[in-house]
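J.: This is the structure I have questions about; it appears just below.
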Amino acid sequence: MRMIGRTLHRVMASSSGQTLPSSDSPALKFKVVAVQGRARSSRMTLPHFTAHTPMFMPVGTQGSVKGMTTQQLQELDCHVILGNTYHLENRPGSELVDAMGGLHELINWPRGMLTDSGGFQMVSLLHLAEITEQGVTFQSPVDGSAMLLTPEQSIAIQNRLGADIIMALDDVVPTTANDPARFEEATHRTTRWIDRCIAAHSRPGEQNLFAIVQGGLDTRLREISMQQLVARDLPGYAIGGLAGGESKDDFWRVVSQCTAGLPPGKPRYVMGIGYPLDIVVCSALGADMFDSVYPTRTARFGVALVPEGVLKLKNAAHARDFRPLDPSCDCMVCRTYSRAYLHNVVTRGIASAAVLVTYHNVAYTQALTRNMRRAIEEQRFPDWVRGYLGTMFPKGDVPGWVRDAMDAAGISLEGVVAPTHAPTSTPAATDKSAATEGGAAVVGGGAAPG
């Protein structure tokens, strides 16, 4: 074993003799329990819960996952949920949350929590923000008042909120921006800000500060960002700045570069990823953690996630379809309600429709990652991937970017990809669906709104 900074690194041996990495940080223990190719299954022990990865984390922007109770999230075996620092500080305020015992007590959630830094609002609320070396000044969309978010402020807010994992404030630039100088500036500013975040962090024994790799689509800048952030020896690392409109080909290549370059004994978190196909591809490339509003947001438009892709319940074809959403799903919705019933409540705008489809979509994401973990641990992950893609693309028309990513992951798609299928143009990697959801089939209608 060897000591680096504040983290104790160990190398564990697998039953096959392969060494498996792990690390101990003051508030996080991470252990890879199985690997196959670049994919890995791990255990991440947090102050409130031991999470299993790969895992998908539902987003509760203001401390609540829309349409679900915390009891339901436990029923579906969600290990970690997210809160948004910017919105939580606006309402109800971190001081009030702290006075109530922190986010866990406020929302009655006994498992893991992660709060983002508020940095994503640099992109989503750019028209309301001004970015300087000091930090980011936002105009509140609630009352128009100015709010300065510095690295120190972001960490102080997150310390009061009390999540198990807190994210460093980073300088986020949309990947579609055509401004090399701005990407260069943001990459180095992100490093300067991580040092300010580390200095401001008052609860390192109770909360884990993750750094966020930036650099846009520039491999040189991504490498610089990784080297500089890894030198700080933090409990975990995120891959940021993606899912903002870049091509799928660019998307997977950045993920591949970063998962290969980040420490094998630390968790790797690809931020803003919610399409099931993207989750599978990133897991095959060695990523561990994912989050997005996509599964819950698309549910509110009556769109269900199924193994074949997405199912639009507003489509009239479902009016007399008495099958469950997904015959292979054992969630409460699939056990109890038919597509015909759900079509009825969705098209009539009945409030329970969003609740039911949300429940199923969250169940789907948890089953997806649970099945991946099991396949990795049982050393049958390539077969599982081929089965997954075969169901989603029965004609063998697997998108070119997926084929290339699987080749990089060392997974053969022989028998899945049609021999005569030509490479296709790659759609944008964004949580606003284009012609197909993440490149997957749409069952019973057009694309889902994002």
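J.: Can you tell which of ALA319, GLY261, VAL280 lies farthest toward the positive end of the dipole of the stretch 256-322, using +1 and -1 charges on the Cβ of basic and acidic side chains (Lys, Arg; Asp, Glu)?
T.: ALA319
J.: Taking the Cα centre as origin and putting +1 on Lys and Arg beta-carbons and -1 on Asp and Glu beta-carbons, what dipole magnitude results for the stretch 206-296, to the nearest 20 debye?
T.: On the way: 7 positive and 10 negative charges, 33 e Å.
Value, rounded to 20: 160 debye.
J.: Looking only at Cβ-Cβ distances, which cysteines of the chain have no other cysteine closer than 4.7 Å?
T.: So far as the 4.7 Å Cβ criterion goes, CYS78, CYS197, CYS258, CYS282, CYS331 stand without a partner in the chain.
J.: So I have (i) 96, 87, 33; (ii) 60, 54, 43; (iii) 84, 62, 38, and one of them is Cα extents along the principal axes in Å calculated from this model. Which one is it?
T.: The calculated read-out lines up with (ii).
J.: Now, a different point. From the backbone phi of the stretch 215-229, what are the Karplus-calculated ³J(HN,Hα) couplings (6.51 cos²θ - 1.76 cosθ + 1.60, θ = phi - 60°) in whole Hz, Gly and Pro given as x?
T.: 3J(HN,Hα) across the stretch 215-229, in whole Hz: x, x, 9, 8, 5, 5, 5, 4, 5, 4, 4, 4, 4, 5, 6.
J.: Counting only DSSP beta bridges with both residues in the chain, what percent are antiparallel, rounded to the nearest 5?
T.: Values: 38 of 65 bridges.
Antiparallel bridges: around 60 percent, rounded to the nearest 5.
J.: Another question, then. For the stretch 209-335, what does the relative contact order come out to in percent, with C-alpha contacts under 8 Å and a separation of six or more?
T.: Values: 160 pairs, mean separation 21.4, N = 127.
Over the stretch 209-335, the number comes to 17 percent.
J.: Determine ³J(HN,Hα), in whole Hz, for all residues of the stretch 338-350 in sequence, where each value follows from phi through the Karplus function 6.51 cos²θ - 1.76 cosθ + 1.60 and θ = phi - 60°; x replaces Gly and Pro.
T.: Along the stretch 338-350, the couplings run 8, 4, 4, 5, 5, 4, 4, 6, 5, 5, 8, x, 6 Hz.
J.: What 222 nm value per residue comes from the helices of the chain, counting each DSSP H run with n ≥ 4 as -39,500 (n - 2.57) and dividing by all residues, nearest 500 deg cm²/dmol? If you can, show how the numbers build up before the last one.
T.: Working: 16 runs with 163 residues, N = 450.
Helix contribution divided over all residues of the chain: -10500 deg cm²/dmol.
J.: Percent relative contact order of the chain, based on C-alpha pairs within less than 8 angstrom and at least six residues apart?
T.: On the way: 937 pairs, mean separation 71.8, N = 450.
Computed over the chain, the figure is 16 percent.
J.: Under a 10 Å cutoff between Cα atoms, tell me which one of ARG253, ARG320, ARG38 has the largest fluctuation in the Gaussian network model of the chain.
T.: It is ARG320.
J.: When you count, for each residue, the other Cβ atoms within 10 Å and take the mean per peptide, how do 65-72, 303-310 rank with the highest first?
T.: Going from most to least packed, we get 303-310, 65-72.
J.: Okay, next question. Applying the Karplus parametrisation 6.51 cos²θ - 1.76 cosθ + 1.60 with θ = phi - 60° to the phi angles of the stretch 238-252, what ³J(HN,Hα) value in whole Hz is obtained for each residue in order, glycine and proline being reported as x?
T.: 10, 9, x, x, 9, 6, x, x, 5, 5, 4, 5, 5, 4, 5
J.: Where the only charges are on Cβ atoms (+1 Lys, Arg; -1 Asp, Glu), what is the dipole of the stretch 165-239 about its Cα centre, to the nearest 20 debye?
T.: Numbers: 8 positive and 10 negative charges, 24 e Å.
Using Cβ point charges on Lys, Arg, Asp and Glu, the stretch 165-239 gives about 120 debye.
J.: Please find, in a Gaussian network model of the chain (springs between Cα atoms separated by less than 10 Å), the residue of LEU368, LEU148, LEU356 whose mean-square fluctuation is greatest.
T.: In this elastic network of the chain, the residue with the biggest mean-square fluctuation among LEU368, LEU148, LEU356 is LEU148.
J.: Mind checking the stretch 161-227 for chymotrypsin sites (Phe, Trp or Tyr not before Pro) that DSSP puts in a loop (not H, G, I, E or B) and that have at most 13 other Cβ atoms within 10 Å?
T.: On the way: sites: PHE183, TRP193, PHE210; in loops: none.
Qualifying residues, ordered by number: none.
J.: So, with +1 on the Cβ of K and R and -1 on the Cβ of D and E, and no other charges, what is the size of the charge dipole of the chain about its Cα centre, to the nearest 20 debye?
T.: Numbers: 41 positive and 42 negative charges, 210 e Å.
It works out to roughly 1000 debye.
J.: Ok, one more. Among ALA186, LEU20, GLY162, which residue has its Cα furthest toward the positive end of the charge dipole of the chain, with +1 on Lys/Arg Cβ and -1 on Asp/Glu Cβ?
T.: Going by the Cα projections, it comes out as LEU20.
J.: So, for the chain, what is the accessible surface per residue at a probe of 1.4 Å, expressed in square angstrom? Please report the intermediate quantities before stating the final value.
T.: Numbers: 17260 Å² over 450 residues.
Computed with neighbouring chains in place, this is 38 Å² per residue.
The values are calculated or read from the model by the stated rules, or taken from the named source; none is laboratory data. Keep in mind that this is a model prediction, so the values were computed, not measured. Positions of Cβ are backbone-derived with ideal geometry, glycine not excepted, and every protein chain shown enters the neighbour counts. To get the accessible areas, we keep the full protein, side chains included, count just its heavy atoms, and leave off ligands, DNA and RNA. Shrake-Rupley method; radii C 1.70, N 1.55, O 1.52, S 1.80 Å.
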